[in-house]
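Below: the structure, in structure tokens.
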Amino acid sequence: MKRVMLGAAATAVAAVAAILVPQAAGATGSTGGSSTEIYINDKVDYDAAGAVLDLGGLAKCTGAANQGFANATVSQAPPETPSPVSFSTGGNLIVCDGQWHSFALSVFGGGYDAGRAKATVTLTPVAGSPAKTVTKCVTIVNV
């Protein structure tokens, strides 16, 4: 019985070590490095009678000349808007130096109203970490 309990305890310790320390589980590669990450803010600002949306968030990437390009699309459908479907795009350069940076994108279109919408941001670093696309349900607000 004592041997079974010690064996179970050793198995539990190994499992915890594998979770906390990836190398203990035989994982390869680095835990840092050049990845592309994007966080889209929960709220999007409505301007110019619903023709311009201000979408923001945070991004982290690496790239040549420390830059990348972020492109956003926002779509909204009834009952949130009286328009059949509103869809627009906009983009801007992003700092890609491996650190987190705020970004702001003006998305041009029309027919938006306050309420729920779907925002998608694609970040493409210049000759660096891989491109990444993130989609999130957001709320359009008039602030």
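As an exercise, use a Förster radius of 35 Å and the Cβ-Cβ distance of D47 and F69 to find the FRET efficiency, rounded to the nearest 0.05.
It comes to 0.95.
Could you pull out every residue, at least 5 positions away or on a different chain, whose amide H is within less than 5 Å of the one on T62? Hs are placed 1.01 Å off N in the peptide plane, and Pro or chain starts have none.
Long-range HN contacts for T62: G98, S129.
Find the all-direction average of the projected area of the Cα convex hull for the stretch 59-143, expressing the result in square nanometres with one decimal place.
If I average the Cα hull's projected area over directions, I get 5.5 nm².
Taken together, the values in this text are just the output of simple stated rules run on the coordinates, not laboratory data. Values in this document were obtained by computation on a predicted structure and should not be read as measured data. Because the Cβ atoms are built from the backbone with ideal geometry, glycine has one as well, and the counts that use them run over all protein chains shown.
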